[in-house]
Amino acid sequence: MLTVSLCHNLAKMSLPSSLSLCQRHIQMLRKHPIQKAIHTSSKLLDLNEFFDSPKNFGAEQVRVGRSWRKEELRVKSSSDLHKLWYVLLKEQNMLKTMEHECKEKFIVFPNPERIDKVQESMENLEDVIRERNVAYFQLETTHTGERPAELIDNAFGLKEVYTKSEYDVPKELNKEWQKNNPVIDNRTLAVKKFLVLLKEKLLKKEYAKMKNEEKEVAQIFATYKDVDVEAVQEKYPDVDVEEVRQSDKARGNWAP
């Protein structure tokens, strides 16, 4: 195709055919200017977007990478994070579709941990975006910009975080809010009994954990006689290592 500069050079020459050709070409360029082409990735505008690559069909294992870390996401721009979010969302939809399809066909879904990696990446990305929002609002308004929240007692007498929202009507007159947030009396006898049993269960769990750690410490002293006591105490801070070391369980099959 002739360029504009070439057409001007030909127009200076006494060639009627070339002059008419260049005039027509210049008029065409003025009506339809040349624009720079935009490079885009290939698109699949059909249901294949929700399925994995055909080469992975029937595979027992699919080689994948790890999830995105926060320190890697912090160095990216907000535009890149926005694009990456939709890439992860698309990947999550595809993996869940494939998982459902494998369950329907009674076949093994290869590498189900891929879904966990994608979800972990999305959670890290949200945390990074929240960090930037908090830093921006603190710089501009000295506030975090986060939605206010408070600890409240739920129906079981346990503490939970209640995130506040703005309403046009006060909660005293808002029937919809009262319907979704009924007044709960957590001082009943059933709730008190539940809290006592829950506390007892947690104490038993903590006691069992401490006993298991004492057995591990005793096994260490019974197997290795010259082990560093300070290192064992650092690894098991909730155990009286010196008392366990002098007990009969730590002696093993030997006589002092």
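Any read-out appearing in this document is the output of simple, stated calculations on the displayed coordinates, not a laboratory observation. Note that this is a predicted model, so its numbers are computed, not measured. We place every Cβ from the backbone using ideal geometry, glycine too, and count neighbours over all the protein chains shown.
In nm, what is the difference between 0.36 nm times the number of residues separating Y162 and Q178 and their Cα-Cα distance?
Working: separation 16, 0.36 × 16 = 5.76 nm, distance 1.47 nm.
Stretched fully, the Y162-Q178 segment lengthens by 4.3 nm.
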| note | If the label point sits 7 Å along Cα→Cβ of E140, residues of the range 94-132 with amide N under 16 Å come out as 129-132
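How long is the gain from K249 to E126 if the chain were fully straight, where each residue apart is worth 0.36 nm and the alpha carbon distance is subtracted? If you can, show how the numbers build up before the last one.
Working: separation 123, 0.36 × 123 = 44.28 nm, distance 4.97 nm.
Fully extending the segment from K249 to E126 adds 39.3 nm.
Quick one: which of 101-110, 239-248, 170-179 comes out on top by average Cβ neighbours within 10 Å, and what's the full order, highest first?
On the way: 101-110: 12.1, 239-248: 15.2, 170-179: 10.2.
Highest-to-lowest ranking by the protection proxy: 239-248, 101-110, 170-179.
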| field | Phi to ³J(HN,Hα) by Karplus 6.51 cos²θ - 1.76 cosθ + 1.60 over the range 193-202, Hz, x for Gly, Pro | value | 5, 4, 5, 5, 5, 5, 5, 5, 5, 5
| remark: A student asked for the Cα radius of gyration and Dmax of the range 48-141 in angstrom ought to give 16.4, 56
| Which whole-Hz couplings ³J(HN,Hα) result when phi for each residue of the range 153-158 is put into the Karplus expression 6.51 cos²θ - 1.76 cosθ + 1.60, θ = phi - 60°, listed in order with x for Gly and Pro? | 8, 8, 5, 9, x, 9
| remark: Interchain or sequence-distant (5+) residues whose placed amide H lies within less than 5 Å of the amide H of L158 are none
| field | Net length gained if the chain between E200 and K171 were fully extended (0.36 nm per residue, minus Cα distance) | value | 6.7 nm
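What shape does the range 205-256 take by its C-alpha gyration tensor, where a ≥ b ≥ c are the square roots of the eigenvalues and a/c under 1.5 counts as rounded, a/b above b/c as prolate, and the rest as oblate?
On the way: a/c = 2.33, a/b = 1.46, b/c = 1.59.
Oblate, since a/c reaches 1.5 and b/c is not below a/b.
Just need the relative contact order of the range 159-256 here, percent rounded to a whole number, with Cα pairs under 8 Å and 6+ apart.
Working: 43 pairs, mean separation 21.3, N = 98.
Contact order relative to length: 22 percent.
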| query | Which distance in nm do the two modelled labels at E99 and A149 give, with both placed 7 Å along the Cα-to-Cβ direction? | reply | 2.4
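Please report the relative contact order for the range 48-141, taking Cα pairs under 8 Å with a sequence separation of at least 6, and give it as a percent rounded to a whole number. Mind showing how you got there, number by number?
Numbers: 63 pairs, mean separation 40.1, N = 94.
The value is 43 percent.
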